[in-house]
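To start, the structure itself, in structure tokens.
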Amino acid sequence: MNTKMIMLHLTMSFNVFLQVERDFEREYDKLQKLEDQTKKLHKDMKKSTEADIAMSKAAVKISGDLLSNPLCEQDQAFLESMTALDTAMKRMDSFNQEKVNQISKTVIDPLKKYSSVFPSLNMAVKRREQALQDYKRLQSKVEKYEEKEKTGPIMVKLHQAREELRPVREDFESKNKQLLDEMPKFYHSRIDYFQPSFEALIRAQVVYFTEMHNIFSELTDQIDQAGLTDEQRERENEAKLNELRALSIVADD
């Protein structure tokens, strides 16, 4: 093979290799982004449910503190209102716990299981990378002998290098083909995998907020007998506060 033919062969091989690498990097980059997004979503969902639990527990504690206020011993109407509030908060907490449990089973757990697949994928990519490095090293060795003058010893070494290269190239091509076949399938499978989880998330939220509407509608009917508006309550509170400010024990010196 003359120098011109060698250069043409090397150019063609290099172009083919670049295309292979571009195809691989394109598919792997999508999976790396998918892995990051899955981990972030899993983390955010856990934080969201933890915040939900903390919120409802705090609401129950507040209603309990109000119910134990000494004023409840003196004012029957206030006692009834605080009892209604405490019951409502406990019902809210119960439904919230059901919602969180449902989201954990149908969304958070599936996200965690999905994320557990990526280490195996990344290991397969590392094995491909090692095979690629071996392939490059031996291909460079073959090309070096192809560029030299074709003496007897050189031809023997070239033959040996080609024989050494063949199984390594086949191993790389096999690993590369498998990944290029399976990575797009894995990426597209995310829709079928996650759609039931997100539908379950929506259903859990709809059920929860429907129950909250019912609970707080009942609570409103129980405690809002006076039918005062927020503005009227604000004026009433301000008037009572002004009465307190008029007391000598809080008067400015």
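Any read-out appearing in this document is the output of simple, stated calculations on the displayed coordinates, not a laboratory observation. Just so it is clear, the structure is predicted and the values come from calculations on it, not from any experiment. Neighbour counts run over all protein chains shown; Cβ positions are idealised from the backbone, glycine included.
For segment 111-133, enumerate the residues that are under 19 Å from the mean Cα position of the chain (by Cα) and either within 16 Å of E182 (Cβ to Cβ) or without any contact (Cβ under 8 Å) to a residue 60 or more places away in the chain (or both). Answer for segment 111-133, where residues must be under 19 Å from the mean Cα position of the chain (by Cα) and either within 16 Å of E182 (Cβ to Cβ) or without any contact (Cβ under 8 Å) to a residue 60 or more places away in the chain (or both): K113, Y114, S116, V117, F118, P119, S120, L121, N122.
Return the residue satisfying two criteria in turn: it lies in segment 45-59 and is over 12 Å from the mean Cα position of the chain (by Cα) and over 9 Å from M89 (Cα atoms), and of such residues it is surrounded by the most Cβ atoms within 10 Å (Cβ to Cβ). Checked segment 45-59; the qualifying residue surrounded by the most Cβ atoms within 10 Å (Cβ to Cβ) is T49. The residue that is nearest to A204 (Cα to Cα), counting only those in segment 70-86 that are surrounded by fewer than 19 Cβ atoms within 10 Å (Cβ to Cβ) and in contact (Cβ under 8 Å) with a residue 24 or more places away in the chain, is A84.
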